[in-house]
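What follows is one structure encoded as structure tokens, with my remarks underneath.
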Amino acid sequence: MEKKATLTLPDGKKHEFPVLSGSVGPEVIDIRALYGQSGMFTYDPGFMSTASCNSTITYIDGDKGILLYRGYPIEQLAVHCDFLEVCFLLLYGELPAQKEKDEFVGMVTRHTMLHEQMLDFYSGFRRDAHPMATMVGVVGALSAFYHDSLDINDPRHREVAAFRLIAKMPTIAALAYKYNLGQPFMYPRNDLSYAANFLRMMFGTPCEEYQVNDVLVRALDRIFILHADHEQNASTSTVRLSGSSGANPFACIAAGIACLWGPAHGGANEACLQMLEQIGDVSKVGEFIKQVKDKNSHVRLMGFGHRVYKNYDPRAKLMRETCHEVLGELGLANDRLFALAIALEKIALEDDYFVERKLYPNVDFYSGIVQRAIGIPTSMFTSIFALARTVGWIAQWKEMIVDPDQKIGRPRQLYQGKTQRDVVPIGKRG
Ligand code: CMC
């Protein structure tokens, strides 16, 4: 029998709404008919209790610390798959067989170059531009160059846009960095893996051959896997909302990048490393934690807490492991900031303030240390997050386009402003 929820309104009238079940996770009350039936809206700033869409891509159980892509636990994907296999999984719903993987990798690697004229865009930016500022601009500008993938109603266009975005994002990000440095742009090399090619475009120069380090490649590939999707987070919801108006995929992903930039979202790994630098030494941890607990200080322990995880973020565990591997490989096992992070984590996990609020380390707590050890500057951290999240954004965008329930996103409001009044001529205004 169909489940129903009954809502009694202040006028005493009762309204029934269907209760929908997913394959796993909380049931939802379908309130689409509420306004039509009662003339009332629901109020839910920050979407604390609102499911905004149907999805079959990613599932999170925040209380248990579970993250699944298409049903597969992140811990298994991080160990058994590479990033492009995970991209295939997110886009098509299944892990690829070898032949499918070869075809997919071939397709992605053949779209890695940017239109040559796009390289001119970079010189329009100041040399000290934040790479995310450059990326918002350049990714949005893809729509000015690739007209054969702008028709959102054509499945082939959507497919090609997905390949282009996944393939070109490492090139776009690496060029933003090279431009900051004033070094020559490095063209992609398609015989390298996705992560190795990115490292070469970041750190290689035309003067000598770049030596690929497999441990660093694996670490970066894992960072990409862990950041590939995270259901309806702020930037993904931004991509969906932008796409709901029929905007082209490049414009939608540029909007996602803009949202990701904020320190409460993708900017947290950059902010976390800056926080560790500021604390400077293990002896200062106690004093810093005191500040965090003082509401008036507005200081937060960056890399801690999550809207959905009320347990250890499974990605943070994997990142911690990678951190050990990379620091060991590079002879940095006694790294000052890593020691500081471990001390901070230990104290926070035992402190009542964090325990009561269920604040645990999130993925950003360790990913900054790994990236810094690889030689990636802090200012590039969020760009790397954007690069990795692009597949999630595009998979969610594609899912939305074909969803029969999809409508333009148009929330309503609780209006608290002035009621209607008349304009007074300027000479009579007090
Ligand atoms: N440090 C200190 N206190 C915190 C923190 C923190 N990092 N996070 C939450 N709190 C406190 C907050 O002050 C509040 O306390 P009280 O109930 O006494 O007012 C309580 O915990 C609930 O916090 P909230 O801000 O209502 O929770 P939220 O779900 O809106 O915020 C968050 C989630 C991620 C924005 C927040 O935890 C935060 O700002 N963390 C630091 C930034 C960070 O690491 N962000 C990365 C998120 S993971 C990567 C991603 O998905 O983008």
Going by the structure shown, is Ile223 farther than 25 Å from Tyr360 by Cβ, crowded, with 22+ Cβ neighbours inside 10 Å and either aliphatic (A, V, I, L, M) or more than 16 Å from the ligand (Cβ to nearest atom) (or both)?
-> no
Could you tell me which residue of the range 4-24 is least open to solvent (accessible area, probe 1.4 Å), considering only residues that are assigned to a loop (DSSP other than H, G, I, E, B) and out of contact with any Lys or Arg (no Cβ under 8 Å at 6 or more places or on another chain)?
-> Leu9
Per-region count, the range 46-58, residues open to solvent by 30 Å² or more (accessible area, probe 1.4 Å) and either more than 15 Å from the ligand (Cβ to nearest atom) or of a type in the set (A, V, I, L, M, F, W, C) (or both) | 8
Please go through the range 347-365 and pick out each residue that is within 13 Å of the ligand (Cβ to nearest atom), in a helix (DSSP H, G or I) and at pLDDT 90 or above.
-> Asp352, Tyr353, Phe354, Val355, Glu356
Name the residues in the range 290-314 that are within 19 Å of the chain's Cα centre (by Cα) and either open to solvent by 10 Å² or more (accessible area, probe 1.4 Å) or away from the ligand (no atom under 14 Å from the Cβ) (or both), would you?
-> Met302, Phe304, Gly305, His306, Arg307, Val308, Lys310, Tyr312
Look at Leu327 and say whether it is more than 9 Å from the ligand (Cβ to nearest atom) and at pLDDT 90 or above.
-> yes
Exception for Cys259 within (1) within 20 Å of the chain's Cα centre (by Cα); (2) away from the ligand (no atom under 16 Å from the Cβ) falls at (2)
In the range 275-289, which residues are outside any loop (DSSP other than H, G, I, E, B) and either aromatic (Phe, Trp, Tyr) or more than 12 Å from the ligand (Cβ to nearest atom) (or both)?
-> Leu276, Glu277, Gln278, Ile279, Val282, Ser283, Lys284, Val285, Gly286, Glu287, Phe288
Report yes if some residue within the range 25-42 is under 24 Å from Phe224 (Cα atoms), part of a loop (DSSP other than H, G, I, E, B) and either in contact (Cβ under 8 Å) with a residue 24 or more places away in the chain or out of contact with any strand residue (DSSP E or B) (no Cβ under 9 Å at 6 or more places or on another chain) (or both); otherwise report no.
-> no
Residues satisfying the stated conditions in the range 81-105, i.e. without any contact (Cβ under 8 Å) to a residue 12 or more places away in the chain and either part of a loop (DSSP other than H, G, I, E, B) or touching a strand residue (DSSP E or B) at 6+ places or on another chain (Cβ under 9 Å) (or both) = Pro96, Ala97
So Gln211 clears everything in (1) in contact (Cβ under 8 Å) with a residue 12 or more places away in the chain; (2) assigned to a loop (DSSP other than H, G, I, E, B) except one condition, right? Which one?
-> (1)
Considering each residue of the range 231-249, count those that are more than 16 Å from the ligand (Cβ to nearest atom) and either assigned to a loop (DSSP other than H, G, I, E, B) or under 19 Å from Ala316 (Cα atoms) (or both), and give that number.
-> 5
For Met380, are the conditions met, namely being at pLDDT 90 or above, under 30 Å from Tyr179 (Cα atoms) and within 12 Å of the ligand (Cβ to nearest atom)?
-> no
Those residues of the range 124-159 which are over 30 Å from Val402 (Cα atoms), open to solvent by 30 Å² or more (accessible area, probe 1.4 Å) and not in a helix (DSSP H, G or I) amount to Gly124, Phe125, Arg126, Arg127, Asp128, His130
Only one of (1) open to solvent by less than 10 Å² (accessible area, probe 1.4 Å); (2) modelled with pLDDT under 90; (3) small (Gly, Ala, Ser) fails for Ala271. Which number is that?
-> (1)
Checking Ala333, Ala339, Ala343 in turn, the sole residue that is small (Gly, Ala, Ser), away from the ligand (no atom under 14 Å from the Cβ) and outside any helix (DSSP H, G or I) turns out to be Ala333
Give the range 315-332 a look and list any residue that's closer than 11 Å to Ala373 by Cβ and open to solvent by less than 70 Å² (accessible area, probe 1.4 Å), or say none.
-> Thr322, Cys323, Val326, Leu327, Gly328, Leu330, Gly331, Leu332
Take Ala228 and decide whether it is touching a residue at least 12 places away in the same chain (Cβ under 8 Å) and either away from the ligand (no atom under 16 Å from the Cβ) or open to solvent by less than 40 Å² (accessible area, probe 1.4 Å) (or both).
-> yes
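The values are calculated or read from the model by the stated rules, or taken from the named source; none is laboratory data. Not measured: the values here are computed from a predicted model. In this analysis, Cβ positions are derived from the backbone assuming ideal geometry, glycine residues included, and neighbour counts consider all displayed protein chains. The accessibility values were calculated without ligands, DNA or RNA, using every heavy atom of the protein model including side chains. Shrake-Rupley method; radii C 1.70, N 1.55, O 1.52, S 1.80 Å.
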